[in-house]
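Below is one structure, written out as structure tokens; the observations come after it.
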Amino acid sequence: METNWFDFIVVPLLILMARVVDVSLDTIRVIMIAKGYRSKAPIIGFFQVLIWIITITRIMANLENWTAYIGYAGGFAIGTYVGMKLEEKLALGYELIRVITSTDATRLIAELGEKGYHITFVDGEGRDGKVGILFIVERRKVIRDVIEIIKKLNPKAFYTIEDVRFVGGHNYLPPTKRQKRTRFRPR
């Protein structure tokens, strides 16, 4: 009877947990490749496949155990969700925020600049007349802060956010953790 308890409850739970880790790592690995962090992806892939091999070996050793299949499938589903949440917390890479405003953007530009965000502003022409267009490239970790400032100072502004795969030109890069944000100095 103890063997059945172990085979039908403990083994599927272990398979589920291993699969959660395996699929979470796979999700992070794929996102890292897409974001340009290619040097770290093979290391993550090594551990992901190692866990997968151990897990699939347990499945093959328990082919008659249908609860192992449920653990495997459940681990995949939960692992996908956990992987997405982990990636969201890691917030890898950069994003471009494009803000289009029909109202004066001077205060918005000043506030963003004072906070150290890098802004490019151009005049444009929209359907209803003149508009201001702001381009802001920042690390994903600070995007929410930038959006809060935009909503606070220009709630009617239209904005889009896009993933940026590569950022070059060191004078315009957002600072790393070690670098301090500089105050905005108009030219």
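Each Lys or Arg adds one and each Asp or Glu subtracts one; over the other residues with Cβ under 12 Å from the Cβ of residue 153, this totals +1. Rounded to the nearest whole Hz, the Karplus-based 3J(HN,Hα) values (6.51 cos²θ - 1.76 cosθ + 1.60, θ = phi - 60°) of segment 98-114 follow the sequence 10, 10, 10, 10, 9, 9, 4, 9, 4, 5, 5, 4, 4, 5, 5, x, 4, with x at glycine and proline. For the chain, the number of Lys pairs separated by eight or more positions or lying on different chains, with C-alpha atoms closer than 16 Å, is 13.
Normalised by the number of residues in the chain, the mean separation of alpha-carbon contacts (under 8 Å, six or more apart) gives a relative contact order of 24 percent.
The stretch between residue 85 and residue 5, if pulled fully straight at 0.36 nm per residue, gains 25.5 nm over its current Cα-Cα span. With neighbour counts taken as other beta-carbon atoms within 10 Å, the residues 162, 64 rank, fewest first, as 64, 162. The string of couplings for segment 55-70 from the Karplus curve (6.51, -1.76, 1.60, θ = phi - 60°) is 5, 5, 5, 5, 5, 5, 6, 10, 4, 7, 9, 5, 5, 5, 5, 5 Hz, one whole number per residue in order, with x for Gly and Pro. Divide the volume of the convex hull around the Cα atoms of the chain by the residue count and you get 164 Å³ per residue. Here the 3J(HN,Hα) profile of segment 23-31, calculated from phi with Karplus coefficients 6.51, -1.76 and 1.60 at θ = phi - 60°, is 6, 4, 5, 5, 4, 4, 4, 5, 5 Hz, Gly and Pro shown as x. Peptides 37-44, 22-29, 107-114, 52-59 ranked from most to least packed by the mean count of surrounding Cβ atoms within 10 Å: 22-29, 107-114, 52-59, 37-44. In this simple spin-label approximation, residue 40 and residue 57 carry label points 7 Å from Cα along the Cα→Cβ vector, and these lie 2.9 nm apart.
Compared with the dominant principal axis of the Cα atoms in the chain, helix 143-153 is inclined by about 40°.
Since every read-out is calculated from the coordinates, none of them should be taken as a lab result. Just so we're clear, the structure is a prediction, and the values are computed from it rather than from any experiment. Every residue, glycine as well, gets a Cβ built from its backbone with ideal geometry; the counts of neighbours run over all protein chains shown.
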